[in-house]
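Scroll down for the structure; my scribbles are underneath it.
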Amino acid sequence: MENLNTTFSNLFGDISNSRLFFAPGRVNLIGEHTDYNGGNVFPCALDIGTYALARESSNKKCRFYSLNFDHIGIIEFNLDDLLFDENHNWANYPKGVIVEFAKLGLNLNHGFDIVFYGNIPNGAGLSSSASIEVLMGTILNAYLKSDKNGVDIALIGQAAENKYIGVGCGIMDQFASAMGKNKHAILLDCNTLKYQYAPFELSGYKIVIANTNKRRGLADSKYNERLAECKEALKIAQTKHSILSLGELNNEQLIELEPLFDNKIVYRRAYHAVTENQRTLKAVEALSNNDLMTFGKLMADSHISLRDDYEVTGIELDSLVKNAWDQDGCIGARMTGAGFGGCTVNIVSEDKVDNFIKNVGNIYTKETGLIAEFYIVNPSDGAREII
Ligand code: GLA
């Protein structure tokens with residue numbers, strides 16, 4: 001916090017009129033690659049995320065600076081020219097949100113000076129980009145005194161990512177960041193946006209995130225490729241069912257459709273989306289019965305489906321997960337987020353966490369030559385102004 005204050009006053013002067021905001025990252029417990037298929041997801045917001053110290057400026061200029069990208073320096077733009085600009089790098093995310101607000105008639109007549117700081121690893125699948133979108137939405141909502149709620153802000157963030165950044169992501173990440181609740185996870189039906197909070201206090205257990213530290217490279221284009229494959233599967237399913245998304249099918253209905261799929265890869269993508277959707281509901285039910293063992297088993301099934309049918313894991317994620325399964329005290333482990341690198345989520349007995357980190361970390365380095373990082377996280381509240 002001190003660093004934010006000092007940096008702000010060094011770069012932009014007086015901090016007395018500034019306001020501080022926070023938007024969390026998220027971890028998805030189960031329900032992967034189901035959101036853009038109209039299915040269920042079960043993420044929680046984290047106690048790590050992105051902070052921003054913001055102050056209105058007297059003209060239409062915006063000056064954004066991130067402590068995470070200090071080598072890039074201050075990014076400057078004018079509200080009269082909000083076109084996507086590659087040179088603006090990370091600042092395109094908050095810029096896209098300004099554009100989406102404007103489309104709703106919520107126009108700014110002044111710019112902002114903002115210093116951002118994220119204590120969430122960038123591009124590691126914990127929604128650093130969704131957190132900055134939701135953060136900007138929360139800032140604009142506060143300054144414009146508009147009446148957008150958390151769900152609206154999530155949708156605006158998603159629109160910015162889809163239209164301005166060009167990644168066809170679903171709603172999960174922005175929703176979790178905007179709507180998170182302390183000590184709870186969120187069961188969200190991405191078709192209707194109906195949601196309910198489920199207590200996620202695991203007495204005696206910790207949520208441990210393991211970061212592969214693998215550069216994700218072509219992740220965005222691979223993500224869009226899966227999206228296209230699911231669209232193709234939906235078209236085939238629609239020849240027999242009047243549905244708007246794969247999430248409306250149950251397992252039996254999909255299996256009956258298999259002969260219609262000439263391309264078996266497309267069938268396997270749909271198979272993952274449909275079974276994962278059902279698994280998510282079962283997992284939440286197991287949790288409500290305090291049946292952590294079943295919850296953990298379903299996490300493993302989810303990973304296997306993502307590995308074999310959806311094919312979004314890779315040797316790094318598979319190494320972390322397989323070795324996590326072998327550890328004493330680990331009751332559930334799977335990849336989380338888009339995949340192709342990024343992180344795994346693990347539920348580990350509190351007294352075994354140190355050993356877990358040591359063992360999984362060592363074997364991972366032997367198997368991949370990379371060094372994994374571990375974070376112990378807690379389900380937390382969604383985006384807010386910090387007063
Ligand atoms: C990324 C996307 C989400 C979701 C996950 C996979 O995090 O942003 O919308 O599709 O991948 O579950």
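The values are calculated or read from the model by the stated rules, or taken from the named source; none is laboratory data. These numbers were taken from a predicted model, which means no experiment stands behind them. Quick reminder, even Gly has a Cβ in these numbers, built from the backbone with ideal geometry, and neighbours come from all protein chains shown. The accessibility values were calculated without ligands, DNA or RNA, using every heavy atom of the protein model including side chains. Shrake-Rupley method; radii C 1.70, N 1.55, O 1.52, S 1.80 Å.
Computed values, structure above
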{"item": "Enumeration of residues in the range 220-260 that are within 22 Å of residue 194 (Cα to Cα), not in a helix (DSSP H, G or I) and not polar (S, T, N, Q)", "result": "243, 244, 249"}
{"item": "Which listed residue, of 92, 107, is of a type in the set (S, T, N, Q) and modelled with pLDDT of 95 or more", "result": "92"}
{"item": "Residues that are surrounded by fewer than 24 Cβ atoms within 10 Å (Cβ to Cβ) and part of a loop (DSSP other than H, G, I, E, B), drawn from the range 178-192", "result": "181, 182, 183, 190, 191, 192"}
{"item": "Single condition residue 63 does not satisfy, out of (1) open to solvent by less than 10 Å² (accessible area, probe 1.4 Å); (2) more than 14 Å from the ligand (Cβ to nearest atom)", "result": "(1)"}
{"item": "Complete set of residues in the range 152-172 that are out of contact with any Asp or Glu (no Cβ under 6 Å at 6 or more places or on another chain) and open to solvent by less than 30 Å² (accessible area, probe 1.4 Å)", "result": "153, 154, 161, 168"}
{"item": "Which numbered condition residue 32 fails, given (1) within 30 Å of residue 186 (Cα to Cα); (2) away from the ligand (no atom under 15 Å from the Cβ); (3) assigned to a loop (DSSP other than H, G, I, E, B)", "result": "(2)"}
{"item": "Residue count, the range 70-105 (criterion: over 13 Å from residue 129 (Cβ atoms) and not acidic (Asp, Glu))", "result": "20"}
{"item": "The range 1-28 - residue that is out of contact with any Leu (no Cβ under 9 Å at 6 or more places or on another chain) and of a type in the set (Ser, Thr, Tyr) and, of those, least open to solvent (accessible area, probe 1.4 Å)", "result": "9"}
{"item": "Among (1) out of contact with any Gly (no Cβ under 9 Å at 6 or more places or on another chain); (2) surrounded by fewer than 24 Cβ atoms within 10 Å (Cβ to Cβ) - the single one residue 52 does not satisfy", "result": "(2)"}
{"item": "Matching strands (runs of 3 or more DSSP E) fully within the range 268-387 where at least 1 residues are out of contact with any Cys (no Cβ under 8 Å at 6 or more places or on another chain) and more than 24 Å from residue 216 (Cβ to Cβ)", "result": "330-336, 384-386"}
{"item": "Any hit, the range 165-177, residues being at pLDDT below 95, closer than 27 Å to residue 340 by Cα and part of a helix (DSSP H, G or I)", "result": "yes"}
{"item": "Test: residue in the range 90-101 that is open to solvent by less than 40 Å² (accessible area, probe 1.4 Å), without any contact (Cβ under 8 Å) to a residue 40 or more places away in the chain and assigned by TED's automatic domain parsing to the domain that holds residue 165", "result": "yes"}
{"item": "Residue 134 vs. criteria open to solvent by less than 10 Å² (accessible area, probe 1.4 Å), more than 11 Å from the ligand (Cβ to nearest atom) and under 14 Å from the mean Cα position of the chain (by Cα)", "result": "yes"}
{"item": "Candidate set: the range 149-171, residues that are under 23 Å from residue 187 (Cβ atoms) and over 16 Å from the mean Cα position of the chain (by Cα); chosen: the one farthest from the ligand (Cβ to nearest atom)", "result": "149"}
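Listed here are the residues, each with its yes/no results for (1) in contact with an Asp or Glu (Cβ under 9 Å, 6 or more places away or on another chain); (2) outside the structural domain of residue 252 (by TED's automatic domain parsing); (3) in contact (Cβ under 8 Å) with a residue 24 or more places away in the chain; (4) under 20 Å from residue 47 (Cα atoms).
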residue	(1), (2), (3), (4)
287	no, no, yes, no
298	no, no, yes, no
335	yes, no, yes, yes
340	no, no, yes, no
344	no, no, yes, yes
359	yes, no, yes, no
373	no, no, yes, yes
